[in-house]
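Notes to accompany the following structure.
The values are calculated or read from the model by the stated rules, or taken from the named source; none is laboratory data. None of the values given here were measured: they were computed from a predicted structure. Glycine gets a Cβ as well: all are built from the backbone with ideal geometry, and neighbour counts include every protein chain shown. Areas reflect the complete protein model, heavy atoms only, side chains present, ligands, DNA and RNA absent. Shrake-Rupley method; radii C 1.70, N 1.55, O 1.52, S 1.80 Å.
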Amino acid sequence: MNLFLKSSFFLLFLLGMNCQSHQVQPPPVKPQPTHPKEEPKNQSLIQEQPVPDHLFKVEMDGFLTFFDRTGRIKISSSYVEPQMGGVSEGLCPVKLSRDSGIGYINLKTQLVIPAKFTYARRFSNGLAVVSIGNDFGFIDHSGEFVIPPISRICPEDAQEGFVLIWPRDKGAQYLDLQGNLKIQGKKRWRYLPFSEGVAIVNPPGDSNLPTEVIDTSGKVLFKLQPHLEFSYGFSEGLAPVLNTRTNKYGYVDKTGRVVIPYILTLTEEEFLPGFSDYRAFRDGLALATPDGKKVGFIDKTNKFVIKPQFDYVSPFSEGVAFVRKGNQSYFIDKKGNPVIIPEIDSRSDGFFFEFRNGLAHDKIGFIDKTGKYVWKCPDRTTCYFPD
């Protein structure tokens, strides 16, 4: 199965695969203090003032550490954290012990939402996906259900004023953030969350029906031909579409007009893990390859603005994109110039995720836009970097 089809399959079934209940097990032996200068005190945290505008989180051997953009530790705790979720809207999902449920702590590490959920995810648009048992719903910051646990499939986060749920024995439903039904979907059809005011709706897999694109009222804006399929949603007004007859792809706008013809070549290998939308346009550019090997960036006229020369790339984020060329790793600007050269560390594999809130991470720590590590995972410690 080629990369594009694998990516498309991932998106179509994301709603069903993304949300299995987490049974994160804490380590049997509590690790040594996670920072040599600031030790946890009685499982409480020390919150410095003022509260930073963003905190980064790392799980080290099952224990949490939060720090600011300078790498200065703000919170250190022995709370155990599940795989999904991070600091968002001032709250973070945590699992308190091997046998406890999942609750939420604030930035002072006070447990403000009881640990009663079997699954919980970060907050988005004031709501968070949780489950009690096998069904999923949405809670607000008080921990009360705004949308009760009636979705048989784990939903995506709330976005663009909608949540998408899958009640038993019914088709998908789009609700507003107060839980009111806005769009009733058809049974067995696969609905995706809204992106830039439109949503992709895929027919049942055993049919020859075309994929549809709807607006926020549920009106069908256009349909694709049966041999065409979306791989990702819309970004900057365009979405990539694969022609399954030719194995080439192009881009369409939100009216269905083909803006870039179906002539683009698929890559031979996947890019960095974690970039499910790597063909999305960002800052007016999208990655592309003429031969399935070397990768560059095109603009919305299908012109290569940055020539194909890289072995691996990430999308642009905060004005830069990560690239690998041979054994060299660095970040480029929109003209293709190297602008951030990451610090060399023997423990790093040289692959960095995109910049978010001023920092980017590899498997051992976070760098700032000077390329220097502001925080590193301690030696002989296993660190996990949640989204």
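Worth a mention:
- FRET efficiency for Thr382 and Lys307, using Cβ-Cβ distance with R0 set to 41 Å, rounded to 0.05: 0.55
- HN-Hα J in Hz across the range 173-180 - Karplus 6.51, -1.76, 1.60, θ = phi - 60°, x for Gly and Pro: 10, 9, 10, 7, 6, 9, x, 7
- Compared with the direct C-alpha span, the chain from Val339 to Lys300 gains 11.7 nm at full extension, assuming 0.36 nm per residue.
- Accessible area of Leu111 in the full protein assembly, 1.4 Å probe (Å², nearest 10): 80
- Euclidean distance between Cα centres, the range 165-241 to the range 274-328, Å: 28
- Of the residues Ile332, Ile263, ranked by 1.4 Å probe accessible area with the largest first, the sequence reads Ile263, Ile332.
- Among residues other than Phe56 with Cβ under 10 Å from its Cβ, the summed charge is +3 (Lys and Arg +1, Asp and Glu -1).
- Placed amide H near Ala321: partners under 5 Å, 5+ positions off or other chain: Ile332
- Applying 0.36 nm per residue to the separation of Lys293 and Ser142 and subtracting their alpha-carbon distance, the gain on full extension is 49.3 nm.
- By the equivalent-ellipsoid construction on the alpha carbon gyration tensor, the range 260-387 comes out with semi-axes of 27, 14, 13 Å, ordered largest to smallest.
- Listed values for the range 154-162 are Karplus-derived 3J(HN,Hα) couplings in whole Hz (6.51 cos²θ - 1.76 cosθ + 1.60, θ = phi - 60°), namely 5, x, 6, 4, 4, 8, 6, x, 10, and x replaces Gly and Pro.
- The calculated FRET efficiency for the pair Ser346 and Leu181, based on their C-beta separation and a Förster distance of 45 Å, comes to about 0.20.
- At R0 = 56 Å, FRET efficiency that the Cβ-Cβ distance of Val259 and Gln328 yields, to 0.05: 0.95
- Remark: the range 312-387 carries a charge dipole of roughly 140 debye about the Cα centre, counting +1 on each Lys and Arg Cβ and -1 on each Asp and Glu Cβ.
- Within the accessible surface of the range 204-312, defined with a 1.4 Å probe on protein heavy atoms only, the carbon and sulfur portion equals 49 percent.
- Residues whose amide H falls under 5 Å from that of Lys74, counting only those 5 or more places apart or on a different chain, are Phe66, Phe67, Asp68, with hydrogens built in the peptide plane.
- Given Lys294/Lys372; Lys170/Lys363; Lys116/Lys254; Lys254/Lys334, the pairs whose alpha carbons are separated by over 32 Å: Lys170/Lys363; Lys116/Lys254
- Where labels lie 7 Å past Cα in the beta-carbon direction, separation of Lys108 and Glu236 in nm: 4.4
- Applying both filters, DSSP loop and at most 12 other Cβ atoms within 10 Å, to the GluC sites (Glu not before Pro) of the range 100-182 gives Glu144.
- Phe366 contributes about 10 Å² of solvent-accessible surface, heavy atoms of the protein only, 1.4 Å probe.
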